[in-house]
1. How many residues are in contact with a Lys or Arg (Cβ under 7 Å, 6 or more places away or on another chain) and closer than 18 Å to residue 121 by Cα if we restrict to region 55-85?
2. Considering only residues that are within 22 Å of residue 79 (Cα to Cα) and at pLDDT below 90, which ones fall in region 1-26?
3. Name the one entry in 24, 50 that is over 20 Å from residue 109 (Cα atoms), open to solvent by less than 80 Å² (accessible area, probe 1.4 Å) and over 17 Å from the mean Cα position of the chain (by Cα).
4. Given the condition open to solvent by 60 Å² or more (accessible area, probe 1.4 Å), of a type outside the set (A, V, I, L, M) and within 15 Å of residue 5 (Cα to Cα), answer yes or no: does some residue in region 99-118 qualify?
5. Pairs under 6 Å by beta carbon, first residue among the aliphatic types (A, V, I, L, M) in region 16-44, partner open to solvent by 60 Å² or more (accessible area, probe 1.4 Å), six or more apart or different chains?
6. From the residues in region 27-46 that are more than 14 Å from the chain's Cα centre (by Cα) and surrounded by 13 or more Cβ atoms within 10 Å (Cβ to Cβ), which one is farthest from residue 107 (Cα to Cα)?
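The values are calculated or read from the model by the stated rules, or taken from the named source; none is laboratory data. Predicted, not measured: the structure shown is a model, and the values here were computed from it. Counting neighbours? That spans all protein chains shown, and the Cβs are built from the backbone with ideal geometry, glycine included. Each accessible area value is taken on the protein alone, full model and side chains, heavy atoms only, with ligands, DNA and RNA left out. Shrake-Rupley method; radii C 1.70, N 1.55, O 1.52, S 1.80 Å.
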Amino acid sequence: MAIRTELTLRLPNSPGALAGDERVNIVALSVEPSGQLRLVVDNHVRASGVLRERHHQVTTREVLVAAVASGPGALAPVLAMVAGAGVNVEYAYGTAPDTGSSASIVIGVDDAARAAAAAGI
């Protein structure tokens, strides 16, 4: 598990709103029907700068990113550790390749530092 910086912004619901090639690797993303985009990228400073140049209002927050085995119940120990630290999970999103043995899960919590400390990070 690691603490990463997540970028959040609103995008218009229109073709091409997510398009672009700015040499930033997207680690994870979530888009809601309202247009709220959450991104975890390899270089959040560059990504937020590019987005702000394009006149987007970008907010940042610290989130947990956990690599877990891809299978039933694999996330339970991570969530138990977060709960044991008294930290509330506000949202989560993730991905796993069809043929992979692991999944990456982004967990938005109310206190990433406390959750990470409980995990020994």
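1. Total meeting the criteria: 3.
2. Hit for region 1-26 is 1, nothing else.
3. Selected residue: 50, the only one of 24, 50 that is over 20 Å from residue 109 (Cα atoms), open to solvent by less than 80 Å² (accessible area, probe 1.4 Å) and over 17 Å from the mean Cα position of the chain (by Cα).
4. yes
5. Final answer for the pair search is 24/43; 24/46; 37/31; 39/29; 40/4; 41/26.
6. Applying the filter and picking the extreme gives 46.
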